[in-house]
Amino acid sequence: MSLVSSVSQWAVPMMVLFVVSYSYYKKVDVFDTFVEGAKEGFETAVKLIPFLVAMLVAIGVFKESGAFEIIIGILEPVLSLAGIPGEILPLAFMRPISGSGALAMTTETLQTYGPDSMLGYMASTIQGSTDTTFYILTVYFGSVGIRRVRYSMSVGLIADIAGFLAAVFICSIFLS
């Protein structure tokens with residue numbers, strides 16, 4: 001067994017042992033503190049439910065209305081001139097909206113084109129270099145009561161576009 005494997009297997013148990021030992025040393029009731037934290041976590045989860053439902057309904061309406069396909073149909077010919085494959089555009093649009101939807105699209109791309117194809121590399125790189133901007137704004141900002149997200153949304157979407165373009169560029173240069 002290698003050193004890295006041993007350390008990785010024992011890291012979490014040793015951390016738990018350290019926390020419990022330090023808590024005992026500081027005379028903190030670990031169980032009551034854990035229960036209190038779990039209670040606060042549950043309260044936070046209950047506060048998040050309306051924001052999650054609203055976001056999921058909005059995503060469903062957007063996809064079912066046909067707006068998603070119209071936007072992709074308009075942009076595909078233009079972006080193909082820049083060397084951006086049209087097959088990857090749905091993932092680029094879905095990733096900022098829904099992590100699970102983007103993961104499903106990435107899985108479909110990998111199954112259709114293969115994990116070692118250029119589209120497979122691009123989809124995987126996009127998945128790792130972009131984020132779920134609207135999910136973050138809806139859930140995290142909503143849970144703490146932040147209502148004005150204008151600058152955060154702009155910066156998040158610019159970062160997503162940069163991640164998408166960088167993924168396409170890097171995969172095209174280094175993996176073709």
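What follows draws every value from the coordinates through simple rules; no lab data is involved. Note that the structure is predicted; figures quoted are calculated from it, not measured. Quick reminder, even Gly has a Cβ in these numbers, built from the backbone with ideal geometry, and neighbours come from all protein chains shown.
Just name one of ALA54, GLY66, MET15: the one whose Cα is farthest towards the positive end of the charge dipole of the chain (beta-carbon charges, Lys/Arg +1, Asp/Glu -1).
In the chain, that residue is MET15.
Using the Karplus curve 6.51 cos²θ - 1.76 cosθ + 1.60 with θ = phi - 60°, work out ³J(HN,Hα) for each residue of region 94-104 in order, rounded to whole Hz, and write x for Gly and Pro.
So the Karplus estimates, Gly and Pro as x, are 6, 4, x, 8, 8, x, 5, x, 5, 5, 5 Hz.
With a cut-off of 8 Å between alpha carbons and a minimum separation of six or more residues, what is the relative contact order of the chain in percent?
Dividing the mean separation by the residue count of the chain yields 19 percent.
Arrange the peptides 109-115, 37-43 so that the one whose residues have, on average, the most other Cβ atoms within 10 Å appears first.
So the order, starting with the most tightly packed, is 109-115, 37-43.
Any idea how many Lys pairs in the chain come in under 29 angstrom at the alpha carbon, given 8 or more places apart or on separate chains?
On the way: LYS26/LYS39; LYS27/LYS39; LYS39/LYS47; LYS47/LYS63.
Here the count comes out as 4.
If one takes the longest principal axis of the Cα atoms in the chain, at what angle in degrees, from 0 to 90 and to the nearest 10, does the Cα axis of helix 3-25 lie?
Here the helix axis deviates by roughly 50 degrees.
What percentage of all Cα-Cα pairs in the chain are separated by more than 29 Å? Working shown, then result.
Working: 6805 of 15400 pairs.
Tail of P(r) above 29 Å: 44 percent of Cα pairs.
Output the Kirkwood hydrodynamic radius of region 62-149, Cα pairs only, in Å rounded to one decimal. Provide the component values of the computation, followed by the final result.
Details: mean 1/r = 0.0710 Å⁻¹.
Its Kirkwood hydrodynamic radius stands at 14.1 Å.
Take peptides 19-29, 136-146 and line them up by average Cβ neighbours within 10 Å, highest first, as a rough protection proxy.
Working: 19-29: 10.5, 136-146: 14.7.
Descending mean neighbour count gives 136-146, 19-29.
Suppose only helical runs count, i.e. DSSP H with n ≥ 4. What mean residue ellipticity at 222 nm does that imply for the chain under -39500 (n - 2.57) per run, divided by all residues and rounded to the nearest 500 deg cm²/dmol?
-25500 deg cm²/dmol
Can you grab the distance from the C-alpha centre of region 77-130 to the C-alpha centre of region 133-161, Å, no decimals?
22
Roughly speaking, what is the stretch gain from LYS47 to TYR140, that is 0.36 nm per residue apart minus the C-alpha to C-alpha distance, in nm to one decimal?
Values: separation 93, 0.36 × 93 = 33.48 nm, distance 1.04 nm.
Fully extending the segment from LYS47 to TYR140 adds 32.4 nm.
Taking the Cα centre of region 1-143 as origin, sum charge times position over the Cβ atoms of Lys and Arg (+1) and Asp and Glu (-1), and report the length of that vector in debye to the nearest 20.
Details: 6 positive and 12 negative charges, 74 e Å.
With Lys and Arg at +1 and Asp and Glu at -1, about 360 debye.
Enumerate the calculated ³J(HN,Hα) couplings along region 61-70 in order (Karplus 6.51 cos²θ - 1.76 cosθ + 1.60, θ = phi - 60°), each rounded to whole Hz, writing x wherever the residue is Gly or Pro.
Rounded to whole hertz, the list is 5, 4, 6, 6, 6, x, 4, 4, 5, 5.
Using a/c under 1.5 as the rounded threshold, could you call region 20-95 rounded, prolate or oblate? The axes a ≥ b ≥ c are square roots of the C-alpha gyration tensor eigenvalues, and prolate needs a/b larger than b/c, oblate otherwise.
oblate
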